[in-house]
Amino acid sequence: MSTVLANKHLWVALLATMTAQLLKVILVLITERRWAFDRMLETGGMPSSHSAAVTSLATGIGLKYGWDSPIFALSAVFAGIVMYDATGIRRAAGIQAKLINELVKELGHLFDEGFKPQVLKTLLGHTYPQVLVGAIIGALIGLLFFIN
């Protein structure tokens with residue numbers, strides 16, 4: 001267990017995640033002039049914390065083990081899949097959830113009085129700029145902690 005707790009790559013990825021999540025709160029404060037601490041625990045939005053995490057991990061591995069190492073290749077492919085998924089499948093699911101919520105609201109009068117629809121979460125995925133900014137944050141944090 002102590003080796004896991006001493007894993008610098010793991011801690012840097014967590015730091016990148018937390019940094020991106022904190023930036024979401026700060027961006028809401030700047031743009032909407034309100035505190036939105038709930039954004040710390042939500043997915044989606046600017047910037048992508050998933051992209052920050054996997055990019056910081058890949059950057060750290062590349063710097064420590066070499067850009068030609070198999071472990072860097074693994075982390076780079078993993079990062080690509082995570083970021084592709086964020087802009088594709090998860091974003092599409094969020095768009096579909098928004099449409100379903102609108103349909104249920106508009107057609108709610110057709111259901112029984114006891115019908116209590118659950119509002120679906122719509123902020124799931126990311127736009128390309130959100131993923132790009134998350135990746136930049138992750139790369140910078142990886143560089144900061146692993147550059148010699």
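Laboratory data are not the source of any read-out in this text; all were calculated from the coordinates shown. In this text the structure is predicted, and so the values were computed from the model without any measurement. Every residue, glycine as well, gets a Cβ built from its backbone with ideal geometry; the counts of neighbours run over all protein chains shown.
What do you get for the angle between helix 70-87 and the principal long axis of the chain? Use alpha-carbon atoms, 0 to 90 degrees, nearest ten. The two axes meet at around 20 degrees.
Please order K121, K24, K105 by the number of other Cβ within 10 Å, starting at the fewest.
With the fewest neighbours first, K121, K24, K105 line up as K105, K121, K24.
Springs between alpha-carbon pairs under 10 angstrom, Gaussian network model over the chain: which of G44, G134, G62 fluctuates most? The residue with the greatest mean-square fluctuation here is G62. Under a Gaussian network description of the chain, with springs only between Cα atoms under 10 Å, the residue in T17, T55, T127 that fluctuates furthest is T127. By the rule of a C-alpha distance below 19 Å, with chain neighbours fewer than 8 residues away ignored, the lysines paired with K105 are K116, K121.
Rounded to the nearest angstrom and listed largest first, the equivalent-ellipsoid semi-axes of segment 18-148 from its Cα gyration tensor are 36, 18, 10. Taking the longest Cα principal axis of the chain as reference, the axis of helix 128-146 is set at about 30 degrees. Placing unit charges on the Cβ atoms only, positive for Lys and Arg and negative for Asp and Glu, gives the chain a dipole magnitude near 300 debye about its Cα centre.
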